[in-house]
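Participant: Structure incoming, see below.
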Amino acid sequence: MAIGDVEPVPDSTDVYYLDTGMYDTEAYGSVYIVDAERPAVVDTGIGTNRELLFDALDEVGVGREELELILPTHVHLDHAGGAGFLAAECPNATVLTHESGVPHLIDPSRLVAGTKAAVDDQWEFYVEPEPVPEDRVEGLEDGDAVDL
């Protein structure tokens, strides 16, 4: 796979992955698009890949108005850095993540500071994340399941 390629996940139905090319490296970073009854994106990458993600949604056939869920597995910026950008582009989508991460998606300033400290000069590959509006994000508890 090359950066920007979208491929079906083997042995699954209507699940695709996008090579986001994190750090400008092929096969390093991916997000998942689930073209189900309730279309979803699992993880969003670091945000610099957002145009690739928008193109991938088009390629898979999930319209911006149709996307229902944005599901960061956790709120580190390599998984959730694009959540605010995707929420802005997809007005009907709800962002669901663990309840402990919700405040950080609404105000990502602590995540940015922590990421800058952790990645040092690799911050050049990131982008300042857009906050997710408070009314568009909901918390999940340990053990919750999301039915798509």
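The values are calculated or read from the model by the stated rules, or taken from the named source; none is laboratory data. A quick note: this is a predicted structure, and the numbers were derived from the prediction, not measured. With ideal geometry, Cβ positions are generated from the backbone for all residues, glycine too; neighbour counts draw on all protein chains shown. Just so you know, the surface numbers come from the protein's heavy atoms only, side chains and all, with ligands and any DNA or RNA stripped out. Shrake-Rupley method; radii C 1.70, N 1.55, O 1.52, S 1.80 Å.
Participant: Write down Rg/Rh for the range 5-86, rounded to two decimals, with Rg from the C-alpha atoms and Rh from the Kirkwood relation over Cα pairs.
Facilitator: My calculation of the ratio gives 0.93.
Participant: Loop-only chymotrypsin sites (Phe, Trp or Tyr not before Pro) in the range 92-148, please: DSSP not H, G, I, E or B, and at most 11 other Cβ atoms within 10 Å.
Facilitator: Hits after loop and neighbour filter: nothing returned.
Participant: Could you work out the Kirkwood radius for the range 15-58, taking every pair of different alpha carbons, averaging 1/r and inverting it, reported in Å?
Facilitator: 10.5
Participant: Among DSSP beta bridges lying fully in the chain, give the percent that are antiparallel, nearest 5.
Facilitator: Expressed as a percentage, antiparallel bridges in the chain total about 50.
Participant: Next question, about the same structure. If you build the convex hull over the alpha carbons only and average its shadow over all orientations, what do you get for the chain? Give it in nm² to one decimal.
Facilitator: For the Cα atoms of the chain, the hull's average projected area reads 8.3 nm².
Participant: Would you kindly state how much longer the chain becomes between E89 and R38 on full extension, computed as 0.36 nm times their sequence separation minus their alpha carbon distance, in nm to one decimal?
Facilitator: 16.7 nm
Participant: Let me ask you something else. Solvent-accessible area per residue for the chain at a 1.4 Å probe radius, Å²?
Facilitator: 52
Participant: Just to be sure I understand: with springs between alpha-carbon atoms less than 10 Å apart, which residue in T94, T44, T25 has the highest mean-square fluctuation in the Gaussian network model of the chain?
Facilitator: In this elastic network of the chain, the residue with the biggest mean-square fluctuation among T94, T44, T25 is T25.
Participant: Just want to confirm a number: the relative contact order over the chain, from Cα pairs under 8 angstrom separated by 6+ residues, in percent.
Facilitator: 20
Participant: Less than 15 Å Cβ to Cβ from L77, Lys/Arg counted +1 and Asp/Glu -1: what total charge do the surrounding residues give?
Facilitator: Neighbour charge sum, excluding L77 itself: -4.
Participant: Another question, if that's okay. Per 0.36 nm of contour for each residue apart, how much would the distance between D14 and W123 grow if the chain were fully extended, relative to their Cα-Cα spacing?
Facilitator: 35.9 nm
Participant: Figure the gain on full extension for V146 and S109 (residue separation times 0.36 nm, minus the Cα-Cα span) and round it to one decimal in nm.
Facilitator: 10.6 nm
Participant: First compute the accessible area of the range 62-114 with a 1.4 Å probe, then give the percent of it belonging to carbon and sulfur atoms.
Facilitator: 53
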